[in-house]
Every structure is written in C-alpha cells, then in structure tokens.
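Rule-based calculations on the coordinates, nothing more; no lab input. Nothing here was measured: the structure is a model prediction, and the numbers come from that model. Glycine gets a Cβ as well: all are built from the backbone with ideal geometry, and neighbour counts include every protein chain shown.
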Amino acid sequence: MNKALHKLGEYVLLMQKAITIPDRWSMFFKQLLKEIYKLGFDSLWIVIIISIFIGTVIAIQISLNISSPLIPKFTIGYTTREIILLEFSSSIMCLILAGKIGSNIASEIGTMRVTEQIDAMEIMGVNSANFLILPKIVGLMVFIPVLVIFSMFTGILGGIAASYSTGTGMTPASFEYGLQFYFNQFYVWYSIIKSVIYAFIIASIASYYGYNVKGGALEVGKASTDAVVMSSIMILLADVILTDLMLT
Amino acid sequence: MITINNIIKSFEGRTVLKNISAEFEEGKTNLIIGRSGSGKTVLIKNIIGLMRPDSGEILYDGRDLTSMNKSELNMLRREMGMLFQGSALFDSMTVLENVMFPLDMFSKKTYKERRKRAEFCLERVNLSDAGDLYPSEISGGMMKRAAIARAIALNPKYLFCDEPNSGLDPKTSLLIDDLIHDITVEYKMTTVINTHDMNSVMNIGDNIIFIKEGVKEWQGNKNEVISSDNKALNDFIFASDLFRKVKEVEEEELKAKEHKTI
C-alpha cells in the first residue's frame, strides 16, 4: 500500500512537471507533429486491420447466434453497430493501442534515462519531462480519437462485408437497415470522449514508467511491460467509471 | 572559477564525500582522479547540481549553487556544458540537430544563425561531414566529439566531462584530451574532468585533485604528480606496469645524474 501511494505521488509530481507551459513553443509543435506521426499515424494500419476483421467476426457471430425467427435480421446490424460504437472502437482498441504505443513510449523514455540523455537535457536547463512527455500526451489526445473514428468506420465496413457472405442468414439490406435503426449520435461522442481519457492514461502512465527507470536494458524491458499492464488496468477502470457517469 | 567548500554527501548513513574543498580554475583543465568508487562521480554530480550535498558550498564565480532555487539553477545550467561518459547524444536526432538542440531551446538567434553556429562547432571538432548522420551511424570517438560540439554550442563558461575517454582507443583518447584542453584555453572555460585515465592526467592535468574514499588526498598538477610522495596517490598512479617503468627509468636517470655529479 505504501509503495502504491509512493508511486502515485511520483506520478502526480511528474505530471505536474510535465504539464507546464513549454520553454519553446516552436520546439513543442515540432515534437508534437513528430509524436502524432510516430505514435498515432503509424498505428493507423493496425487499427484498420483489426477493426475490419473484428467487425466481420462480430457480425458473423451475432448472425449465427440469432437463430430465433422472432428476432428480426436487422438486429445483427444494429447489435454490431452498438458493440463497435460503444465498446470495441474505444475501449478494446485503446487496450490494443496501450500495448503498442505504451510499450513504445516506456521503452523510448526508459532508454533515454539509462543512456543519460535525460540527464543531458536537465544539465542544459531543459525541463525534460515537459519536453518529452507533454507532446506525447497532447499528440495522443489529439490523434487517438481520430483512430477511434477510423476504427468505427472500418469495423462497420467489416460487418457490411460479412453481410454479403452466404450462409450467415443476413442480407446487406437488413444489415444496413439495422445499422441505421434507432441510431443515437451521443454514442459516437461517448466513444470519442472515452478515447481522449484513455489517450491521457496511455501516454502519462507509459511516460511515468519510462521516466523512472533505474538500471539498464533489463529494467527498460520491465518498465515497458509494467506500463502496458498498468495502463490496461486503468483503461478498464476508467471504462467502468465513464460508462456509469455518461450512460446511466 | 568554481570553488567547493566542505562538501559532505551521505547515502543511507554511508558518507561518500567527506568534507571536500577544492578550487577549479578558469582556463585550465581541472581533473578529479581516483579509483572506481572513490566518490568522483558523486562529487561531479553535486557540482553540477544533479545531487544536493548534505552540507557545504558550491560557488560558481561567487554564486552558491546549493542555495539556488529551480529557476536560478536552470539559468546557471545554461552556462554549463557537459560531456557524458556515454556521450548521451539524442538517438532520434542527427548529429547537427543534436548540436543545434541547446541553441533551439535557448538562443534567440534566427534558424540560419543557429545552424551556422552548430556547423561552426562541428567544424571545430572536425566533424563537418557527419552532420546528417545519426548517433548510431558514427564511431565512439566521433560521438564524443559530437557531444563536445553540443556542449560548447552555447559558449558555456563551465565544461564538465565524465570519463571522456572511456571506451576509446589510446590514440582517439589523446585526440579527445587535446580537443578538450584546446577548447578550454581558447574559450577560457572552467573545465572539470572526472577520469581515472593516467594518460589524460599526464597530458592535460593543469590542476589535479586526487580523491580516495571520499577524502581529498592530494592536489597538484601533471608535473608534480609523478614526483609526489603521497603513498595513496603513488599506489593509484603506479598501479600500471607502464607508469611503474616510467618511474623506474626516471629514478635511474636521476641516480646516473647524481653519480656523474659526484
């Protein structure tokens, strides 16, 4: 318990140091663009691939599980849409991104720590936490919602593709009707708001673990794993809290 | 000039620096020597403010680092350059970008002027051709030179070097030593070098401080170090065969001279 409180205190102090006005705005924007490209844009392909396949599988599985003639076929499209909008594209996708981006951030900052690159910045009088962490947090908070929108779009495309396959009992027309049935726009906003919070969780927790590495390559690897585990847990916890706050 | 007075630093009840006082002179290469674990790195980290001493003063031309607040310390740090043991170049930047980094962060010059200054610094360390390469694409010696170029980019008053020759062959080590010495004299910097390389001691030791188990044992220059009668210093210096033989030859020459005189 003591250790957990100590870590929480360290995390808060690091965020206090990181979330301040940048020393040089031009350098901040340069870093921000780099981070958006490296962490966000580079994750686009994996988001698209996963979303298409999962969207397809969700549609097929729902159609196979709805065998009652009393349930209309458009329910498949409707359920697929709700799953993708409400949970998959935001929470599940961010759990996947926590693995990819979180480990990347923790290992990058951790390596900088053990090779004295962070000390070099501090000696120059640069606020290393602000220079390294803030662009990552802002970059992810800006770009992860974009990835989530891509995920929603491609996930639904995957579902539509499944509706063309024979043997599932659904038709493209009924699927499309289901997609539009009782559509609540707020669910899209709900997903986007959740993803912004998740982006902060991924970037800040991974940065914390990387920034506080002590030792060598082995510890960098451990920090990377710890960052993914902790940010995944925090995403799930935030999911419960946000769902309770926003949907009930 | 940097003056340290009565520095004491302890870790978990173990005193690592025991009341150390010394002066590091301007325009000279000041060497801190001693065995591994003697407290050299802790001392240099205290001097540059990465650690705070338990007691004592660290005066940068009269300004006490130990009583500075964060913003004052940051201002002072802009007058410092540091060469780390592993060079600590930023992996994600090219050599030129590395040298430009402190200028980008703190200089009010235009981009052209900053780039010109960075290119000048690279030229000064004979690395003009390596500007577009990444640190992973250059040798250890080139990395050290690039780190020196970055350290001098803002024209610092104080230069700190932590084991500048570690991992380098003797010839490259000499090159780095000469470069640090030349730059120190040229820009009238106060340079503090943490080393246990005896070649550096004999080559550029304008002012040498020998530390043993956290205590300052001896202070002098490269001309005095060989003839010192301090036992701990002699044990450290003549630990290698080469320097033992150098001393034997010197002693034989001295005896021969005395014999001739008689």
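Being more than 14 Å from every other protein chain (Cβ to nearest Cβ), outside any loop (DSSP other than H, G, I, E, B), loosely packed, with under 15 Cβ neighbours inside 10 Å and in contact with a strand residue (DSSP E or B) (Cβ under 7 Å, 6 or more places away or on another chain): is that true of B:Asn30 here? Answer is no for this residue. Taken over region B:125-140, the criterion of being surrounded by fewer than 18 Cβ atoms within 10 Å (Cβ to Cβ) and closer than 23 Å to B:Thr184 by Cα is satisfied by B:Asn126, B:Ser128, B:Gly140. Selection of helices (runs of 4 or more DSSP H) fully inside region A:57-175 by the criterion of at least 2 residues being within 14 Å of chain B (Cβ to nearest Cβ), without any contact (Cβ under 8 Å) to a residue 24 or more places away in the chain and under 30 Å from B:Ile48 (Cα atoms) returns A:117-124. Residues of region B:49-91 that are more than 8 Å from chain A (Cβ to nearest Cβ) and either in a loop (DSSP other than H, G, I, E, B) or touching a Cys at 6+ places or on another chain (Cβ under 6 Å) (or both): B:Gly49, B:Met51, B:Arg52, B:Pro53, B:Asp54, B:Asp61, B:Gly62, B:Met68, B:Asn69, B:Glu79, B:Leu83, B:Ser87.
Checked against the criterion of being within 14 Å of chain B (Cβ to nearest Cβ) and either outside any helix (DSSP H, G or I) or on the phi < 0 side of the Ramachandran plot (or both), region A:186-202 has no qualifying residue.
Note on region A:151-160: residues that are closer than 17 Å to A:Tyr190 by Cβ and surrounded by fewer than 18 Cβ atoms within 10 Å (Cβ to Cβ) amount to 1. For first residues located in region A:20-37 and more than 10 Å from chain B (Cβ to nearest Cβ), partners that are of a type in the set (D, E, K, R) and lie 6+ apart or on another chain with Cβ distances below 8 Å form the pairs A:Glu35/A:Lys136. Has region B:115-127 got any residue that is without any contact (Cβ under 8 Å) to a residue 24 or more places away in the chain, under 20 Å from A:Gln117 (Cα atoms) and either assigned to a loop (DSSP other than H, G, I, E, B) or of a type outside the set (Val, Ile, Thr) (or both)? Checked region B:115-127: no residue is without any contact (Cβ under 8 Å) to a residue 24 or more places away in the chain, under 20 Å from A:Gln117 (Cα atoms) and either assigned to a loop (DSSP other than H, G, I, E, B) or of a type outside the set (Val, Ile, Thr) (or both).
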